[in-house]
Amino acid sequence: MSSNYPIYSFAKELDIIQLVSLFYYKSSSDFRFDGESHDFWELIYIDSGKMLITAGEELYILKSGELAFHKPGEFHAVSAYEQIPAKFIVASFVCDSPGMKYFEHRILNLNRKERGYLYDAVRSWQQSVVSKQTPYNLTLTPVPLKDVPFGQAQMVQLYLELLLINLVQRNVGFKIQHRVETYAMQIMYKQLTDNVIEYLEDHICESVSLEQIAGDLGYSVPQMKKLFRMQMHCGIIDYFIDLKMDEAKRLMQESDMNITQIAHYLGYQDASYFSRLFKSRYGMTPSEYCRSF
C-alpha cells in the first residue's frame, strides 16, 4: 500500500481466543455444582432469582441482573440459594488480554445494551452448533451445524467482546469482598436468630425476660432485639407468645388438660390474661376454640 495513505492498526485490547462453553440454564430448587478450577475465564450471569457462589474460599450471593467472573485457576462452585429456582448464563472462554484483570473478584450490573450482547451471544451459539453439553459437564465437544449463516459463530466472539468492552468503559462494578462480608453477616444474624428461637422453644413452659435470654446466650439485649427483628420482622417476646399460643392449640386438641391447666403449664398464672392473649391472636377465646372442633 502506498505510504501516502495514513494507516491505523486496530489493537484488540480484549481478544477472546477460544470459547469453551456457553449455555442458558434453568436450575431446580436443589441445584448444586460442587466446584472446579480450570485455566480459562468463566462468567456467570443471573437472569432471574439468586445463586450462592463460591469463589476461592469465599461465599457470596449473586442476584438477578448481576454478573461475576472467575479468573483462570480460581476454584468456583454454584448452588441454589434458599431452595429457590433460578435462571442463569455461563460462558467459559480463553482470553489472555491484560485488560481482563479488571474483572478479577468483581460483580457488575448489566444494563439493557449489555444484556442484549449476552443474549445475542447465547442465541448465536445455539444457532451455530449442536451440543449436548449440560451445565458444568463439558465432556462432549459441540459440533458445527450445517448451513449456518455466514459469520454466525464469529458473532458469538464479537458479542462477548462487546460485552466486556462496555463493562470496562462503564466501570461501575464493585469488588465481591463487600458482598462476601454481607453474606457473612447474614449467616451471623441467622445463627443468632436460630439460637434465640431454640432457646424460646426449650423454655416454652417458663416466663423469661429479654435480659435472661441475652445473658444465657451471651448477647447484648439491644443487639439481640435488633438482629432478631431484622430476620423475623417481629419482636422476640411477640414471637415467644406466638409459640406459646400454638402450643396451647396443640394441647387443647391432643391432651386432657383444661384451659386453666394449659395456661399454668405455659407459664401463665393468670388464666384470664392467657385467654386475652389467645383471643388477640386467633379472634376467639380458648373456650370458643375448643368448641370449634
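For the reader, a short list of remarks on this structure follows.
- Fully extended contour minus Cα-Cα distance, from residue 74 to residue 247, at 0.36 nm per residue: 57.3 nm
- Gain upon complete extension [residue 57, residue 288; 0.36 nm per residue less C-alpha separation]: 77.5 nm
- Gain in span if fully extended, residue 64 to residue 204, counting 0.36 nm per residue against the direct Cα distance: 46.4 nm
- Compactness of segment 34-114 - radius of gyration and Dmax, Cα, Å: 12.3, 38
- Three semi-axes describe the equivalent ellipsoid of the chain; taken as square roots of 5 times the Cα gyration tensor eigenvalues and ordered largest first, they are 59, 21, 15 Å.
- In this simple spin-label approximation, residue 276 and residue 154 carry label points 7 Å from Cα along the Cα→Cβ vector, and these lie 8.2 nm apart.
- For the chain, the relative contact order comes to 15 percent (Cα pairs under 8 Å, sequence separation of at least 6).
- Viscosity 0.890 mPa s, 25 °C: Kirkwood-radius Stokes-Einstein D of segment 60-195 over Cα pairs, µm²/s: 142
- With all pairs of different C-alpha atoms in the average, the Kirkwood value for the hydrodynamic radius of segment 179-292 is 15.4 Å.
- Helix screen, the chain: DSSP H segments with Cα axial length of 24 Å or more and mean Kyte-Doolittle hydropathy at least 0.0 are 152-170.
- Count, lysine Cα pairs under 24 Å in segment 179-292, 8 or more residues apart or across chains: 7
Bear in mind these aren't lab numbers, they're just calculated from the coordinates by the rules spelled out. Everything numeric here is computed off the predicted structure, so don't read it as measured data. Using ideal geometry, Cβ is built from the backbone for each residue, glycine included, and neighbour counts are taken over all protein chains shown.
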